[in-house]
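The structure appears below as structure tokens.
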Amino acid sequence: MTAPRLHILVCSGTGCVAGGAFRVREVLSREIKARGLDGEILVAPTGCQGFCERGPIAIVQPDGVFYQRLREEDVPRLVEEHFLKGRPVRELMYVPPKGTSPVPKIKDIDFFKHQRLVVLRNRGRIDPERIDDYIAYDGYEALAKALTELTPEGIIAEISASGLRGRGGAGFPTALKWAACRRSPGAMKYLIVNGDEGDPGAFMDRSVLEADPHAVLEGLAIGARAVGAAKGFLYIRNEYPLAVERVATAIGQARDYGLLGKGILGTDFDFDVEVVRGAGAFVSGEETALMASVEGRRAYPRQRPPYPTDQGLWGKPTVINNVETWANVPSIILRGAAWFASMGTASSKGTKVFSLVGKINNTGLVEVPMGITLREIVENIGGGVPGGRAFKAVQIGGPSGGCIPSALLDLTVDYESLKAAGSMMGSGGMIVMDEDTCMVDIARYFLEFTRGESCGKCAPCRMGTGQMAEILGRIVRGEGAGEDIGKLETLARTLQRGSLCGLGQTAPNPVLTTLRYFRDEYEAHIREKRCPALVCKDLIRYTIDAKACVGCRLCAKKCPSAAIEGGNKKAHIIDQAKCVKCGICLDVCPPKVRAVRKFSGPAEAPSGGRPAAEGKE
Amino acid sequence: MVTIDGRAVPADGAATLLELARRNGIVIPALCDHPDLKPFTGCRLCLVEIEGRNGLAPACGTKPEDGMVVRTDTEELRGLRREILGLILTEHPHACLICAEKASCDDLKSTIRKAGEVTGCVQCPNNRRCDLQDVVEAVGLTSMTYPAAFRNLEVRRGDPFFERDPNTCILCGKCVRVCEEVRGNSVLTFAFRGGSTVVSTAMERPLLDSGCRFCGACVDACPTASLFERAVKSQPLPDGTGETVCPFCAQGCRLELGLGNGRVLFSRPSREGPVNRGQGCVRGRFLVRETVGSARRITEPRVRRDGKLVAVAWEEALTEAAAAFGRFRGDQTAVLFSPEATLEDAFVFYVFARDVLDSTLIAGGAFPSVWAKWSELGRRHGGAFPLRATLADIASAETIIVVGADLAVDHPIAWVRVVEAMNRGARLVTAGPVSRSAGRSEMVHIECLPGREHAALDALAKRLEGDRKSPVPETAGIHARNLGKAAEVLAAGKPAILLLDSYLTAGPEGLRVLAASWNLARAVGAGILPLGRGANERGIFELERAAFPGERTKPAAFIADGLETGTVKALVLAGAARELGAARPEVLVAIDTHWSPQVEAADIVLPSAAFTESGGTFVNTEGRVQGFGAALPPAGSALPDWRIVSLLGRKMKGPDFGFDDAPGLRARMAASVPALSDLATGPDGTAPSFFIRETGTDLPGEIPVGDSGPGSAAGPEYPFVLAARPSGVYYRSFDQAAEIRGFGRLCKPGQIVINPADAVRLRVKRGDLVEVASPWASVDGRVEISAQVPEGAAEARLAVGKPGEWDFLRRRISPVAIRRMTR
């Protein structure tokens, strides 16, 4: 058998699959076969490539040509032109937001070239459903090293020297956790992979599990050796069916190869794992709640101490780490602590995976070295804010995190700096916001989220999140009162100090950071009944500039509430009592006319408003 | 040493900081803490500051450690508590809690109390016994910062005994946790999440359909009025309290009584009860009030004149009774009294039968007690072996063997102790036709056909002794696969205890079950605890032994036969009317608390004081002697049974007979009954509590179990084996299931439970009316379908008082045919 001339790596992450990647792959194979190229060209599925916004994606190796937004109907041309005739199809290549000509090769694309891949090292180059692919890229060599060359203490020492900290949010040193569990008395110990990723807009763990499940399994087996555990559980959100499926496939393969189960790699080391599907609540990601859920009980968190390393699953010593933490382990063991520690800052080592979403050109999954600045991520990798809008803030850490304003764009990404800025690393959600985002509304959104996801066990969180959401709701409706900011701050303190688990303790962060950096927006809402970002419906109104209006009746015809009056060729007027503030009039007013204006603030002070017609996409 | 608020106190084995603080008089407000439950740490009011720890720690969930420095009362903590309590109150009707007029409201209030919807304390049934009120007081909350968020959820009123109002719930979870952790039932659960969280049942079904046994533990744990006893809702607060021992089964729970207007307003399990320690069951919790306060109470002596029972004075009634009995001698007369009779009453019954009537026909209940059977077994095998296991031993056992019992329903305190043991990791082996606690991982069940329990125990004992060859009797329906597993469990866990339901010892297989139990207990090294039914069965057995040494009395069956054949001419029927059957003697004197059809047929009716009115002494199933006083004056002119019989005896035998006061009676009893000799030592007026003195020596060796062939094989026309269990829902002659509506809905008397496969074969559905016929008798009942009953078997709870049903009960196991009845 001869080696194929070309490898077509078709991304099969959830994003691309939703965009039709499976269909594209099918048609690809069919077209290749139809032209008799099937011996020469190999089509292989891969895990998530990260650039989800451009999916479905295919990379042609060995040249590294990057095709994006592929549709079934593009495939015959692609096969004909590129694979048969050797003429890459420029129309299917990526064009950077600020450029005009396509960038053919993946290594030249901004989104990829600033990243540093450790956890995602195998993304886009292996088929996640083939263990041989993983092994071909040094897979399970770290486990072999851990079993044959290192003692359990040696493994922990290596992890300790690497400076690896928990990637689930709080950043607890991983080696300390392992050592504590190792020290705990008891023959039965457990390991858990926390794959209950619940932050809105975050999908790092899903991608790792889908793209490289063996990396997690290998990390887990190394951890088992280190702490002396015989059983591991992978707790994966039930909403991640593809991840569950790929992990199950990987477990089966690893067992067949003697990499899980009894006598691993011919040693006397036994370790096996089981997949537990999540119970469908955000709080299940809290470690004690997660353990309750694995035990088959309601996912209620419990007080710590005792910590899981002393009394965890079924009361036995347990190490629970995030997916990404586990996936880091094999590289550290294989390449050494010094290599890992060479990346990052003094206290935050290695890399971090973020899901970069929101008002950003290059949406997707990125892995960057610790210590990189937010500016590099947003501007270089993310390609900046679309539509020429101004960057306003980036929300990091999901409902537990906070909003970091543009003034702090040069902040380095590490546990301490983010915490000092009022946010947190979190599991890696990064939501970029532009000037059209109301920060009070964002705070309200997150508090509504935590209010709904609070488990209901402890009083401060159950009712405090609700009261905070109510106050924020009043403020965005223009019903805020002078003492509301004070009340929010008191409630925030009550939640931080009084709540049982991390969910409640960190729930006020979105409010506290927006109060810290965007207090003027709160005050504009409360005092002037004005939404500076022109978002809060109750505080905005649409008017028609009589001088600009040409009386084309376009807006009046489209208005769903018949609020626009005015005859042909006469200036139109919006009846504010009837207006439902849907903004359709603004959207349909022809760009040459631009007579519809959007304002917020008291009617007698229209200067407070900002004409918002230009730049609407 | 732990330093709390600057005071160094010894940790002294306190489980939590909260407990330690309370012990030292330091008040920390708390709403979700409960001494019997694991820490929940949900209300967050007991947060304290611990030096050297990040964040605050809940005192209820923190173990005191040597050297800990704790502050419970800092400015921050006070503020935080006010805030958190304020948040809790946003969902709870709180108008009255923070009302400026609170202090003078009690004198001046014009509001209607006990409104349909609770909007403030003055309409709340829990007013002034509410933990939340106390905590508001302690925290010093006087105003509300946040707007009320009244939840306006539906109040669940459809279930018996208590209502569930989620609008006053503060989600402390005590009800959910007591149901799971203490009662092992998990009927109540949290549903939904966040602000929508409520305490509910699975799929929000009624409690009646959720496996609830209405023990009331949740009601007693509730700190607010969210779970509230319906009958008490519209009543004033009690003006007095009392204490009693529950007479409704043989466990001996101590109950607290709330009294008002000379009536029992409510009864609650007492935390000081040595047996029950704060737990009880539906009967002790909800039926005392309905039973002693029933409109069917007999309040004055009556004598039959011209076919009608007319009220007369005591003197006249007693004179007439004495004259009627004077016409007969010896075994022409008989006394049948109920197993709920106190030691005082029963002692006088025995003395009366022996010394006044000269009759050997006296029985305390329709069934020979398990102790009588036990002693018979001993006699047959040349020994008298004592039973020394106690209910407390269950909780400390590693292995518990349960034979034939439906513990959670019939012996709920034993079940609570079993749950306690299982929570600790103990294992449970059950044997019998029905697996009562199926689904618990701690349990191994050995299934057998009804009446073959002895064969199952025998097979298990043999397996335990390493005998893997002996064949398992095929006819017993025993699944061999569980035998090995059960033997493993039994071999591993010491100490062990064997619990034996006394109903198994009725019928012809009774002695075999006892023998097989003895052999198994012997092989395992387990103590045996028989679980009796009547409140004083154990005590009555001791009295009988002492009054008639050498087993001269005859079991109740002789009385029944004597009545049928007409040899018994005159009968004293004391609270046992239900056990009489259809036959009537020439003279029937009923001494009873409640009217029943049998009492209404009597010639002379003498009103009896109920247990709350007479006081007395019971010996529970483990041999614990517990005295209790009278909490109330008797209904009408009723008198305690011992007093009535003393007066009657005096009329017949002269002034030397009988007793005038209970202490004197107890002193006599102590002197003449060796097992009860400690009864006199307690100072007068205080309730005695001790274990009866057991005598006897252990039997040597194994007892042959005897024939293990099918005991009740009948022809193909009777393909089912019916196991009849007494419904056991009486107090004396008062049928609680029939008279107390809510209780009737719970016990569903007259149900015939069969296996789903048999239901298909018989073409019957749940609720269909069927006839169950044996070669001797037949009963009707409604079909219930449960996979817990093996194929070919049927189970029914039958009433002692109904002649047809009694026939099944007396045999316990009957071959039957089941036929669907058409209307």
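The values are calculated or read from the model by the stated rules, or taken from the named source; none is laboratory data. Computed from a prediction, not measured in an experiment: that's the story for all the values here. Because the Cβ atoms are built from the backbone with ideal geometry, glycine has one as well, and the counts that use them run over all protein chains shown.
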Report summary line: Counting only residues that are in contact with a Lys or Arg (Cβ under 8 Å, 6 or more places away or on another chain) and at pLDDT 70 or above, region B:702-728 contains a total of 8
Query raised in the report: Tally time: how many residues in region B:148-180 are of a type in the set (D, E, K, R), in contact (Cβ under 8 Å) with a residue 24 or more places away in the chain and in a helix (DSSP H, G or I)?
Result: 2
Report task. Could you check how many residues of region B:181-212 are part of a helix (DSSP H, G or I), within 14 Å of another protein chain (Cβ to nearest Cβ) and modelled with pLDDT under 95? Result -> 4
Requested in this report: Sort through A:LYS105, A:LYS177, A:LYS98 and tell me the only one that's of a type in the set (Lys, Arg) and free of Cβ contacts under 8 Å to residues at least 60 places away in the same chain.
Outcome: A:LYS105
Query - Filtered residue count, region A:371-383, keeping only those that are buried (at least 22 other Cβ atoms within 10 Å of the Cβ) and either part of a loop (DSSP other than H, G, I, E, B) or touching a Lys or Arg at 6+ places or on another chain (Cβ under 6 Å) (or both) - result: 2
Query raised in the report: What is the number of the single condition among (1) part of a loop (DSSP other than H, G, I, E, B); (2) buried (at least 23 other Cβ atoms within 10 Å of the Cβ) that A:CYS16 does not meet?
Result: (1)
Requested in this report: Assess whether B:LEU676 counts as being crowded, with 21+ Cβ neighbours inside 10 Å, modelled with pLDDT under 90 and among the hydrophobic types (A, V, I, L, M, F, W, C).
Outcome: yes
Query raised in the report: Do we have B:MET1 as touching a residue at least 24 places away in the same chain (Cβ under 8 Å) and within 27 Å of A:GLY502 (Cα to Cα) here?
Result: no
Report summary line: How many residues of region B:598-634 are touching a Lys or Arg at 6+ places or on another chain (Cβ under 9 Å), surrounded by fewer than 24 Cβ atoms within 10 Å (Cβ to Cβ) and free of Cβ contacts under 8 Å to residues at least 60 places away in the same chain? The answer is 1
Query - Tally of residues being within 14 Å of chain A (Cβ to nearest Cβ) and either touching a Pro at 6+ places or on another chain (Cβ under 8 Å) or at pLDDT 95 or above (or both) across region B:132-152 - result: 5
Report task. Could you figure out which of (1) assigned to a loop (DSSP other than H, G, I, E, B); (2) without any contact (Cβ under 8 Å) to a residue 60 or more places away in the chain; (3) closer than 25 Å to A:CYS461 by Cβ isn't true of B:LEU18? Result -> (1)
Report task. Look through A:ASP132, A:ASP138 and report the one residue that is surrounded by fewer than 19 Cβ atoms within 10 Å (Cβ to Cβ), touching a residue at least 40 places away in the same chain (Cβ under 8 Å) and under 20 Å from A:HIS214 (Cβ atoms). Result -> A:ASP138
Report task. Return yes when A:ARG206 is under 17 Å from the mean Cα position of the chain (by Cα) and assigned to a helix (DSSP H, G or I) and no when it is not. Result -> yes
**Report entry** Top-ranked residue in region A:472-483 [being over 26 Å from B:ILE170 (Cβ atoms) and more than 28 Å from the chain's Cα centre (by Cα); ranked as nearest to the other protein chains (Cβ to nearest Cβ)]
**Finding:** A:GLU483
Query raised in the report: Looking at region A:451-471, which of its residues are touching a Cys at 6+ places or on another chain (Cβ under 9 Å) and more than 7 Å from chain B (Cβ to nearest Cβ)?
Result: A:CYS461
Query raised in the report: Checking A:PHE111 against (1) modelled with pLDDT of 90 or more; (2) within 18 Å of A:HIS7 (Cβ to Cβ); (3) surrounded by 17 or more Cβ atoms within 10 Å (Cβ to Cβ), which test does it fail?
Result: (2)
Query raised in the report: Out of curiosity, is B:THR224 surrounded by 15 or more Cβ atoms within 10 Å (Cβ to Cβ), touching a residue at least 60 places away in the same chain (Cβ under 8 Å) and within 14 Å of chain A (Cβ to nearest Cβ)?
Result: yes
Report summary line: By residue number, the members of region A:414-433 that are among the polar types (S, T, N, Q) and either farther than 15 Å from A:ALA492 by Cα or within 14 Å of another protein chain (Cβ to nearest Cβ) (or both) are A:SER417, A:SER427
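Looking only at strands (runs of 3 or more DSSP E) that lie completely in region B:729-823, which have at least 2 residues being under 29 Å from B:THR593 (Cβ atoms) and in contact (Cβ under 8 Å) with a residue 40 or more places away in the chain?
Qualifying strands (runs of 3 or more DSSP E): B:793-798.
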Requested in this report: Scan region B:53-68 for residues that are acidic (Asp, Glu) and within 11 Å of chain A (Cβ to nearest Cβ) and report the count.
Outcome: 1
**Report entry** Residues located in region B:417-458, provided they are in a helix (DSSP H, G or I), of a type outside the set (Asp, Glu) and out of contact with any Pro (no Cβ under 7 Å at 6 or more places or on another chain)
**Finding:** B:ARG417, B:VAL418, B:VAL419, B:ALA421, B:MET422, B:ASN423, B:ARG424, B:HIS454, B:ALA456, B:LEU457
Query raised in the report: Is it the case that B:THR241 is surrounded by fewer than 17 Cβ atoms within 10 Å (Cβ to Cβ), in contact (Cβ under 8 Å) with a residue 12 or more places away in the chain, among the polar types (S, T, N, Q) and within 12 Å of another protein chain (Cβ to nearest Cβ)?
Result: no
Query raised in the report: Considering only residues of region B:166-180 that are surrounded by fewer than 22 Cβ atoms within 10 Å (Cβ to Cβ) and closer than 17 Å to B:GLU204 by Cβ, which is farthest from the other protein chains (Cβ to nearest Cβ)?
Result: B:ASN167
**Report entry** Pick from region B:36-52, criterion free of Cβ contacts under 8 Å to residues at least 60 places away in the same chain and within 9 Å of another protein chain (Cβ to nearest Cβ), ranking: nearest to B:PRO269 (Cα to Cα)
**Finding:** B:PRO39
Query raised in the report: In region B:316-347, which residue that is acidic (Asp, Glu) and modelled with pLDDT under 95 is farthest from the chain's Cα centre (by Cα)?
Result: B:ASP331
Requested in this report: Tell me which residues, restricted to region A:489-532, are under 16 Å from A:CYS403 (Cβ atoms), surrounded by 24 or more Cβ atoms within 10 Å (Cβ to Cβ), within 14 Å of chain B (Cβ to nearest Cβ) and aliphatic (A, V, I, L, M).
Outcome: A:ALA507
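Filter region A:434-450 down to residues that are surrounded by fewer than 24 Cβ atoms within 10 Å (Cβ to Cβ) and away from chain B (no Cβ under 12 Å), then give me how many there are. Before the answer, list the steps.
Going residue by residue through region A:434-450, those that are surrounded by fewer than 24 Cβ atoms within 10 Å (Cβ to Cβ) are A:434-437, A:441, A:445, A:448-449.
Now narrow it down to the ones that are away from chain B (no Cβ under 12 Å): A:434-437, A:441, A:445.
Matching residues across region A:434-450 total 6.
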Query raised in the report: Which ones in region B:52-97 are closer than 29 Å to B:PRO166 by Cβ, among the small types (Gly, Ala, Ser) and not in a helix (DSSP H, G or I)?
Result: B:ALA95
Report task. Find all pairs meeting these conditions: Cβ atoms under 7 angstrom apart; at least six residues apart or on different chains; first residue within region A:287-302 and at the interface with chain B (Cβ under 10 Å from one of its Cβ atoms); second residue basic (Lys, Arg) and crowded, with 23+ Cβ neighbours inside 10 Å. Result -> A:TYR300/A:LYS457; A:PRO301/A:LYS457
